[in-house]
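This report refers to the structure that appears directly beneath it.
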Amino acid sequence: MHELQSVLQETPEIALFLALACGHAFGRIRFGPIQLGGVCGTLLAALAIGSLVTITPAASIKNFFFALFIFSLGYAGGPQFFANLNAKGLRLGCFCLIEVAIVIALVLAATRLFGLDQGSAAGLMAGAATESAVVGTATDAISGLPLSPEAIKNLQANVVTAYSITYVFGLITIVIATSQLFPLMFRIDLRSEAAALWKTMSGASAEVDATALRALPDIVGRIYVVEHAAGVSIAELELRGEGLRVNVERIKRRGKLIDATDDMRLEAGDYVLLTGMREGVQRCGESIGAERDHVSGLDFAVDTRDVILNRRDLHDVTLDSVRRRAQREGIAQGVYIVSVTRSGVALPMLAGLRLQTGDLVRLQGLPSEINDVATRLGKIVKDSDETDVLFAGIGIVLGIFIGQFGVKLGGVTFSLGTGGGALLSGLVFGWLQNAHPAVGNIPASAIELMKDLGLSMFIACVGLSSGPQAFALIKSYGIALPLTGILIALLPAACSLVFGRYVLKLESPILLGAIAGQQCSTPALSAVVSAAGNTTPLLGYTITYAISNVVLPLMGPLIVFLAGQVAPQ
Amino acid sequence: MSWLHEIFARAPEIALFLCLAVGYRIGKINFGKFQLGGVAGSLLVAVLVSQVGVNVDAGVKSVLFALFIYAVGYESGPQFFNSLGKQSVREILLAVVLAATGLLTAVLLARATGLDKGLAAGIAAGALTQSAIIGTAGDAIAKLGLAPDEVKLLQANVAVGYAVTYVFGSFGAIIVCVNILPKFMGRGIREDAIAAETAMQAGVQVLGPGQQAALPQLVGRVYRVTAAVGRTVADVEQSSSPPITIERVKRGGKIVEAVPSFVLQKDDIVLVVGRRTAVLEQAAKLGREQFGEEGMDVAMLRTDVVVSNEKLNNRSLGDLAANVKPDVRHGVYVVGITRMGKALPMAQETIVQNGDVVTVFGSEKDTARVTSLIGHVITRSEKTDFVYMGAGLVVGLLIGLITLRIGSIPLTLGSGGGALLSGLLFGWYRARKQTFGAMPGGAVQILKDLGLAGFVVVVGLSSGLQAVETIKQHGFTIFLVGVAVTIIPMIITMLIGRYVLRYNNTAIFAGALAGSRSANPAFGEVLDKAENSVPTVPFAITYALANVLLTLLGPLVVAFM
């Protein structure tokens, strides 16, 4: 024990990573439909380790990972958040308003009633609303209060303790309420309603997406043996696709591979590899001779590039004329446009499709030619694992910077803090990157990592240093905190249910999904989805989630401020 | 200036992220064909910013470095253990020779010129462009039992040595691999790359990421039934070997379900999917190929599955193809098998083992049926498995605490070496099992970038003032020693590679040499010259080895100085 203590104190990283591993393992354990999740698990593990060994991880670890986390949270939610700022999104946005208003009112009432301090009040809100990000933003806000370091540390410890006590109760309440209690109370047959909704929505026939894997891809390659076309030149042969592009890349003549040139003439017995649009290749091939399945050496690799079209002279020009223009200029013999995507939607590849600048064009073709063509069309989007550190770094710097500025409201300085600032800059940068894919690049897995690792490490730091005080707080409030937690989880959800059912008249699966989303509760969503039997609840969930995910963390600093005002002196 | 100072004092993280952002920008500037790179760029900016005065506590440094080095190990693990075999003896020796000569040159020259341990380790880090040495050497210095002030001075000197020598380290590797090596071998990279490609063409075609074959194995075609009138779908499908699948039938303009017992009539339109050979063979027995039939396209899935069914273990592909019932394998095609990330040939005699990843192609319904029989579907999640990662780091840091004594010399891996080792092991085990412990490419990359650059920034911020002093004093000596440490080991390795290890293909040798210096920019130039992926294979092997060997030079330089 003593040994362990000295090891952990000497190398506090071990304690941090230990809390991370144990916490995420514990958070994965299923209790019926309930899973604690990695963040709450990490906190419990850190509190446990922290109460055994006194460890104080350096403040820089906490701050660094918090900034990473909160920026990534905004970044990941940015595109969805701005996309939902429309009539439909704002209608469901009412749920988030209900959530925020009722939660704040209840927390403040509890603060008054039980004489909670600012830390416990914020922790109560974070736990009951099962929104772990609030722990971060509230802790951050507390560090800006004009108090002694000792008092600040106490308040911050209270945030995590109150959070960890109420989180479990909040989680269980919202899962049971949305998936079992509400349907039962309102006699909703969730399964059949969801099935009916599914049917009405999938009425339109499912077209095969142009970017998906297809049984009949547009671009094909086939090998033919020359029987009827001896004496025909390559240039003439390539015209036999009747307007559809066909290319001859290589020929195998008497066992030798030859690169094809325009004026070369075919001889009987040559093997020809045709690539191009399916129908063109078919037409052209039939005029040559019989098809062969494999001739060694003729196969070659084709590359794919995604390009953001930025040529103004190609704006509003049809696909067909782009192809013809390329042919006239003698470029890009072996490169094809495979798909065109506009604001995330793959467009049908019709000859009359008009391109716009900003379209995402996918090219396929010879490795030697594709880069040339791609750079002529616009900017190549790299599908890379590499994060643009400049882009991310500037976003975080701006965020922290914004957070430093205070606005005086009625004598009280109100600042966004690192939390609010970086969240805001993350939102904007995420939206910007989504709208202009050529700007910056942060791969999804990197964002996920920064978000999850950032919050977990932050929470672990806080947990380790507040371990010793956790038990004192639990003793002093007893059963009051858990009970309030249940109430705070239940009441906003119930109000939203009534509002959604009688005022907005939403279908039940969407409504219950939206209620899960207003609390950012993924466990509740999975419970609703499994009760509904299909994924229709997602339609409501995604919208409220996108909004709540941004709004709830911002409530952290607000509740710290308000709790300070209402607390009995 | 004072407002800047005040902001840094209130939120020191802002200085950290600022150095990262600006450093990466500077690292991207092209000087000719050469770039500084994000890590060196960040260090420079940090030294500049530190002149304003920033106080970042060092706690975050060790966490970031542990994350970085674990990610490096995790990424190279599968390749590293795969390379430890008879088939890559040449590559192993090449990497070992380079690391050993690098160590010797650095230690001997630093002693001769009277530089201290810190500078010597820094020169090794910079001149061999192995930035991880900064961390492992710093670890080792901390364990020497010196006064805190002296430790801090030596650690700062590591960063100084690195910063001064890094630029030539990167540049010199390019010159040796791209300019000197072809002259020495008497043949160009491009011509040898073509020669090697032609030799390889006989075997399995290797496609780079994002590439696909112009003649894919599996094809889909649409026919109008003329010859197969009166036959059932099942009959048509099973009469072919290898099998084909009728995915969709259209009769009188309406799509009808292609159940096995469905009897084909004249002028039915059918969509056939299967291997090119089989489809071509069956074409004549079906009818005529059609152009542009509406509504015949079907979405297909390509799914990766880890084999875990004992009944499949140790059986050959041919055996499985012959003995699996037609109604089980209907509509599903195996298009690839990989073991530990390496593609196996798709031949009849290839043996399938538990833990192999099989890629199957087919419609959604068919693949779902078959994948559950094979094993676990690998869902490409963007999530990192933190239980696995955290456990790996704890194990690694604990290993790093162990100290062995040989005589009076204490030998320890340090947290860097420990985390590297556990990263290698955990990465390798993950590649074998596939079902847990995920860390996607983007996550590995960000840990490597943020971890190392963040670490270097904290070092730079805390030692910037002193760095300027040291450079004024020893700058030129450090630079010259750096040039020597860059060039000499590579030249020796080049000689041994040609005359002892018998490398005779310039393209392959250039790849291997760049890898044994873990010199990514040099490799990029080699690839550029080769214009195909021939240098990639030898590079990948020596690179994985060098990443480990060179990183461990940190403690060794410190110990032997």
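We did not get these values from a lab; they are worked out from the coordinates using the rules stated. This one's a predicted model, so the numbers in the text were calculated from it and none came from an experiment. Please note: Cβ atoms are built from the backbone with ideal geometry, for glycine as well, and neighbour counts cover all protein chains shown.
Quick notes on this one:
- Axis angle, to the nearest 10 degrees, between helix A:59-83 and the longest C-alpha principal axis of chain A: 60 degrees.
- Rounded D (µm²/s) - segment B:300-377, Kirkwood Rh over Cα pairs, Stokes-Einstein at 25 °C, 0.890 mPa s: 199 µm²/s
- Rg over Rh [alpha-carbon atoms, Kirkwood Rh] for segment B:1-65: 1.04
- With 19 Å as the limit on Cα-Cα distance, the pairs of B:448/B:529; B:383/B:448; B:325/B:365; B:383/B:433; B:28/B:448; A:382/B:28 that go past it are B:448/B:529.
- Calculated FRET efficiency for the pair residue B:100/residue A:225, C-beta based, R₀ 51 Å, to 0.05: 0.35
- Rounded FRET efficiency, nearest 0.05, which uses the C-beta distance separating residue B:294 from residue B:239 and R0 of 35 Å: 0.80
- For segment B:414-419, Karplus couplings with θ = phi - 60° (6.51, -1.76, 1.60), whole Hz, Gly/Pro x: x, 5, x, x, x, 5
- Restricting the trypsin sites (Lys or Arg not before Pro) of segment A:251-360 to loop positions (DSSP other than H, G, I, E, B) with no more than 11 neighbouring Cβ atoms within 10 Å leaves A:254.
- In straight-distance terms, cross-link reach from residue A:256 covers every one of the aspartates and glutamates whose alpha-carbon lies under 16 Å from its own, apart from those fewer than eight places away in the same chain; here that gives A:267, A:270, A:299, B:197.
- Positive-end residue, chain B charge dipole about Cα centroid, Cβ charges, pick of B:348, B:125, B:379: B:348
- Relative contact order, percent, segment B:1-105 [alpha-carbon distance under 8 Å, six or more residues apart]: 20 percent
- Footprinting exposure proxy for B:84, B:48, A:552 (fewest neighbouring C-beta atoms within 10 Å first): B:84, B:48, A:552
- Calculated from backbone phi, Karplus (6.51, -1.76, 1.60) coupling profile of segment A:516-524 in Hz, x at Gly/Pro: 4, x, 5, 9, 6, 9, 5, x, 4
- Separation of the residue A:565 and residue A:268 label points, Cα + 7 Å toward Cβ, nm: 9.6 nm
- For the peptide A:292-300, the mean number of other protein chain Cβ atoms found within 10 angstrom of a residue's Cβ is 4.
- For the pair residue A:329 and residue A:34 in one chain, pulling the backbone fully straight at 0.36 nm per residue adds 99.9 nm over the alpha carbon distance.
- Modelled label reach - residue B:198, point 7 Å along Cα→Cβ, segment A:215-252 residues with backbone N closer than 16 Å: A:251-252
- Neighbour count of at most 13 Cβ within 10 Å plus DSSP loop: longest chymotrypsin sites (Phe, Trp or Tyr not before Pro)-free window in chain B: B:1-290
- Hull-based mean projected area of chain B, where the convex hull spans the alpha carbons, in square nanometres: 31.3 nm²
- Debye-sum result for segment A:59-168 in log10 I(q)/I(0), which assumes one identical scatterer on each alpha carbon, at q = 0.10, 0.13, 0.17, 0.22 Å⁻¹: -0.36, -0.59, -0.93, -1.22
- Straight-line reach from residue B:117: taking Cα to Cα under 16 Å and skipping same-chain neighbours fewer than 8 places apart, the lysines in range are B:143, B:152.
- Efficiency of FRET between residue B:31 and residue A:435 - r from beta-carbon atoms, R0 35 angstrom, step 0.05: 0.60
- Projecting the Cα atoms of A:96, B:166, A:449 onto the charge dipole of the protein assembly as shown (Cβ charges, centred on the Cα centre) puts A:449 farthest toward the positive pole.
- Inverse of mean 1/r across different Cα pairs in the protein assembly as shown, Kirkwood, Å: 32.6 Å
- Here's how it looks for residue B:376: its modeled amide H is under 5 Å from those of B:306, B:308, which are all 5 or more places away or on a different chain.
- Axis of helix A:538-566 versus longest Cα principal axis of chain A: the two differ by about 30°, to the nearest ten degrees.
- Note on segment B:442-561: semi-axes of the ellipsoid equivalent to its C-alpha gyration tensor, largest first and rounded to whole Å, are 31, 20, 14.
- Computed about the Cα centre, the dipole magnitude for segment B:218-290 is approximately 200 debye when only Lys and Arg (+1) and Asp and Glu (-1) carry charge, each at its Cβ.
- Legend: mean number of C-beta atoms from other chains within 10 angstrom of residue C-beta atoms, peptide B:392-402, equals 4.
- Annotation: the residues A:427, B:64, B:144, sorted from fewest to most other C-beta atoms within 10 Å of their own C-beta, follow the order B:144, A:427, B:64.
- For segment A:462-569, trypsin sites (Lys or Arg not before Pro) are listed when DSSP marks them as loop and at most 12 other Cβ atoms sit within 10 Å of their Cβ; the list is A:505.
- Estimated inter-spin distance, residue A:474 and residue B:265, nm [label 7 Å along Cα→Cβ]: 7.5 nm
- Couplings 3J(HN,Hα) of segment B:225-241, computed from phi: 5, 10, 8, 8, 4, x, 8, 8, 4, 4, 4, 4, 5, 8, 6, 9, 9 Hz, in residue order, whole Hz [Karplus 6.51 cos²θ - 1.76 cosθ + 1.60, θ = phi - 60°; x for Gly and Pro].
- Mean separation of Cα contacts under 8 Å (6+ apart) over length of chain A, as relative contact order %: 29 percent
- Only helices enter the 222 nm calculation for chain A: every DSSP H run of n ≥ 4 contributes -39,500 (n - 2.57), and dividing by all residues gives -19500 deg cm²/dmol, rounded to 500.
- Neighbour-count ranking [beta-carbon atoms within 10 angstrom, fewest first] of A:88, B:448: A:88, B:448
- Across peptide A:450-463, the average count of Cβ atoms from other chains found within 10 Å of a residue's Cβ is 2.
- Tilt relative to chain A, helix A:12-28 - C-alpha long axis, 0 to 90 degrees, to 10: 80 degrees
- Only Lys, Arg (+1) and Asp, Glu (-1) charged, at Cβ; chain B dipole about Cα centre in debye: 680 debye
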